[in-house]
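The values are calculated or read from the model by the stated rules, or taken from the named source; none is laboratory data. Predicted model only: the values in this text are computed from it and were never measured. Methodologically, a virtual Cβ is constructed for each residue, glycine included, from the backbone with ideal geometry; neighbour enumeration extends over all protein chains shown. Ligands, DNA and RNA are stripped out before the accessible areas are found, and what is left, the full protein with its side chains, is counted by its heavy atoms. Shrake-Rupley method; radii C 1.70, N 1.55, O 1.52, S 1.80 Å.
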Amino acid sequence: MTSRVTLISPATSRSLREARFDDGSPLDTRGVARAEAAAGTLPAADRVVVSPTVRCRETASSLGLAALDQAELGALDMGHWRGRTLEEVSTWEPEAVSRWLSAPAVAPPGGESVLALCERVTIWLDAASEVVGRTLAVVEPEIVRAVVVTVLKAPSAAFWRLDVPPLTATHISGRSGRWNLRLGQALGTQQAGAED
């Protein structure tokens with residue numbers, strides 16, 4: 001049994017443009033327009049899920065997808081840093097930021113660590129490997145990063161070395177927990193091999 005998962009990163013929002021830890025802001029006009037232009041270019045899916053964040057829900061809607069919230073795919077909880085830029089929190093709490101960026105098991109104050117996020121995503125991937133057919137998931141960039149780290153069995157520190165542009169598709173396919181990976185195809189381009 002082969003399972004296929006296509007992860008779609010959200011369109012742009014004010015938070016993303018300003019490099020803020022997500023603050024729940026909606027998609028910007030350009031993000032909506034780009035997502036609407038990409039509607040209809042995605043592979044057919046047996047199930048469609050979404051991170052329960054404003055920008056992921058709005059991206060799914062703009063893509064014309066009726067998606068179900070998947071709590072396990074929620075954004076990395078940034079705790080007290082939510083809505084702030086890295087520059088702002090580095091000024092206020094430089095030691096905490098340094099620890100967070102250098103140790104995957106360290107969480108932002110009141111938040112979730114990268115290691116905990118990767119563990120949460122691993123549980124979701126194990127369940128996804130039991131689903132026959134294709135799952136389409138509109139998810140936050142950090143979920144895509146955690147999936148890549150998990151699929152490649154890379155060290156958690158690799159999380160910070162992965163860039164996930166807006167409105168790109170990352171495809172994984174596999175069986176029995178063994179995944180193959182295809183990264184970063186821009187939506188609206190030919191989905192070559194998407195059905196493989």
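Structural remarks
- Share of Cα-Cα pairs in the chain lying beyond 21 Å, as whole percent: 49
- Tensor-based shape of the range 122-182 (alpha-carbon gyration tensor, a/c under 1.5 rounded, otherwise prolate or oblate): oblate
- Solvent-accessible surface of the chain, averaged per residue with a 1.4 angstrom probe and all protein chains in place: 47 square angstrom.
- Within a Gaussian network of the chain (alpha carbon springs, distance under 10 Å), most fluctuating of Glu18, Glu112, Glu72: Glu18
- Mean residue ellipticity (222 nm) of the chain, computed from DSSP H runs ≥ 4 via -39,500 (n - 2.57), nearest 500: -9500 deg cm²/dmol
- Full extension of the chain segment joining Glu88 with Thr2 gains 26.5 nm, where the gain is 0.36 nm per residue of separation less the Cα-Cα distance.
- R0 of 30 Å, Cβ-Cβ distance Arg99-Arg17: FRET efficiency to nearest 0.05: 0.65
- Heavy-atom accessible surface of the chain: percent carbon and sulfur, 1.4 Å: 52
- These residues, His80, His171, go from largest to smallest accessible area, 1.4 Å probe, as His80, His171.
- Placing a label point 7 Å from the Cα of His80 along the Cα-to-Cβ direction, the residues of the range 105-122 with a backbone N closer than 14 Å are 107-112.
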